[in-house]
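Quick one: the structure is below, questions incoming.
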Amino acid sequence: MKAHFFERRLCLPGILLLSLLGFACRSSETEKPGGETAKEIIVSAAASLQDVFREIGRQFETRTGTRVSFNFGASGALQRQIESGAPVDVFASAGRPQMDALASQGLITPESRRDFTGNALVLVVPADQALELKSFADLDGAKVKRLAMGNPKTVPVGQYSEQSLTRLGLWQQLQSRVVLGEDVRQVLDYVARGEVEAGLVYASDVRAADSRVRIVARTPANSHDPIFYPIAVVRASRQPEASRSFIDAVMSDEGQRSLEKYGFERVR
């Protein structure tokens, strides 16, 4: 299976190799007709946020006139890009450890940090699959030859998946059957295309599969760390005020309604 790593909407021509971990060009201002300039921010966000953040980004651009460019990918890969000096204004992670790592290095503005949404981890199978799976216990059978999940080394959904399978007493026997994805959308694609019998993804991602997968079970909440998504302004941002305004948009009632529409959960 061919791996894809992450999508970019930036000012670079061509394909940027993952090993570069950076951006060759960036402008915090773009020229408008008549010689005026418009602010622009770059938001690096977890792959599971791509649909809802595009919607929130459009709302933000319409209201403020500030352009938003998105860099979606695995939270761990995005963290390393920021550590390597990538010109990012806002970071939205699918897990707290990646944000904690940046905070410990002084790479985010601590007062801007917020937990803005939550999610649930679910077991999914191809919608047209005849194989009978009703619970996590059924994964232990010989019929399940491949289980897709995120890479625990770089992807929060993979870390939650490993925690859950371990606490459910299934990790040792399933580890040899695991197919790793570099982000949650890759895992979802493996399941939707029928390349694996089952996979572990966020509940919000099932909506993006357009009925090509179905949920078998939700992981018990106590089987993994709580799934919270933190967001913060990157300390090196050239547009800190606009970046804080984007976070305010995410936290607003309009932003939270968009998140709920796409299957995310409000953080109380």
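Does region 69-81 contain any residue that is assigned to a strand (DSSP E or B) and of a type in the set (Ser, Thr, Tyr)?
Within region 69-81, one or more residues are assigned to a strand (DSSP E or B) and of a type in the set (Ser, Thr, Tyr).
hydroxyl-bearing (Ser, Thr, Tyr), in contact with a helix residue (DSSP H, G or I) (Cβ under 7 Å, 6 or more places away or on another chain), at negative phi and assigned by TED's automatic domain parsing to the domain that holds Glu40: which single residue out of Ser237, Ser204, Ser252 fits that description?
Working: Ser204 fails: assigned by TED's automatic domain parsing to the domain that holds Glu40; Ser252 fails: in contact with a helix residue (DSSP H, G or I) (Cβ under 7 Å, 6 or more places away or on another chain).
Only one candidate passes the filter, namely Ser237.
Where in region 147-238 are there strands (runs of 3 or more DSSP E), lying wholly inside it, with at least 1 residues that are in contact with a Pro (Cβ under 8 Å, 6 or more places away or on another chain), within 30 Å of Gln105 (Cα to Cα) and small (Gly, Ala, Ser)? It would help to see each step written out before you state the result.
Values: elements: 147-150, 178-181, 198-202, 213-218, 228-233.
Correct list: 147-150, 228-233.
Condition check: farther than 18 Å from Phe72 by Cβ and touching a Leu at 6+ places or on another chain (Cβ under 9 Å). Does Ser176 satisfy that?
On the way: farther than 18 Å from Phe72 by Cβ: yes; touching a Leu at 6+ places or on another chain (Cβ under 9 Å): no.
Judged against the criteria, Ser176 is not a match.
Can you work out which of the residues in region 225-246 that are surrounded by 22 or more Cβ atoms within 10 Å (Cβ to Cβ) and of a type outside the set (Gly, Ala, Ser) is nearest to Ile56 (Cα to Cα)?
Here is the first cut: in region 225-246, the residues surrounded by 22 or more Cβ atoms within 10 Å (Cβ to Cβ) are 227, 229-234, 237, 242-243, 246.
When the remaining residues are screened for being of a type outside the set (Gly, Ala, Ser), the result is 227, 229-231, 233-234, 246.
On the way: Ile227: 21, Tyr229: 16, Pro230: 16, Ile231: 14, Val233: 17, Val234: 19, Phe246: 9 Å.
Top of the filtered list is Phe246.
Evaluate region 94-115: report whether one residue or more is more than 18 Å from the chain's Cα centre (by Cα), modelled with pLDDT of 95 or more and of a type in the set (D, E, K, R).
From region 94-115, those more than 18 Å from the chain's Cα centre (by Cα) are 103-112; that's our starting set.
Keeping just the survivors that are modelled with pLDDT of 95 or more gives 103-112.
Subset that is of a type in the set (D, E, K, R): 111.
Yes, the conditions are met somewhere in region 94-115.
Sort through Val52, Val88, Val68 and tell me the only one that's hydrophobic (A, V, I, L, M, F, W, C) and either surrounded by fewer than 23 Cβ atoms within 10 Å (Cβ to Cβ) or farther than 20 Å from Ser258 by Cβ (or both). First the steps, then the outcome.
Working: Val52 fails: either surrounded by fewer than 23 Cβ atoms within 10 Å (Cβ to Cβ) or farther than 20 Å from Ser258 by Cβ (or both); Val68 fails: either surrounded by fewer than 23 Cβ atoms within 10 Å (Cβ to Cβ) or farther than 20 Å from Ser258 by Cβ (or both).
Going through Val52, Val88, Val68 in turn, just one is hydrophobic (A, V, I, L, M, F, W, C) and either surrounded by fewer than 23 Cβ atoms within 10 Å (Cβ to Cβ) or farther than 20 Å from Ser258 by Cβ (or both): Val88.
Does at least one position in region 110-122 carry a residue that is surrounded by fewer than 19 Cβ atoms within 10 Å (Cβ to Cβ) and over 19 Å from Leu259 (Cβ atoms)?
yes
The values are calculated or read from the model by the stated rules, or taken from the named source; none is laboratory data. Source: prediction; values computed, not measured. Virtual Cβ from ideal backbone geometry, glycine too; neighbours counted across all protein chains shown.
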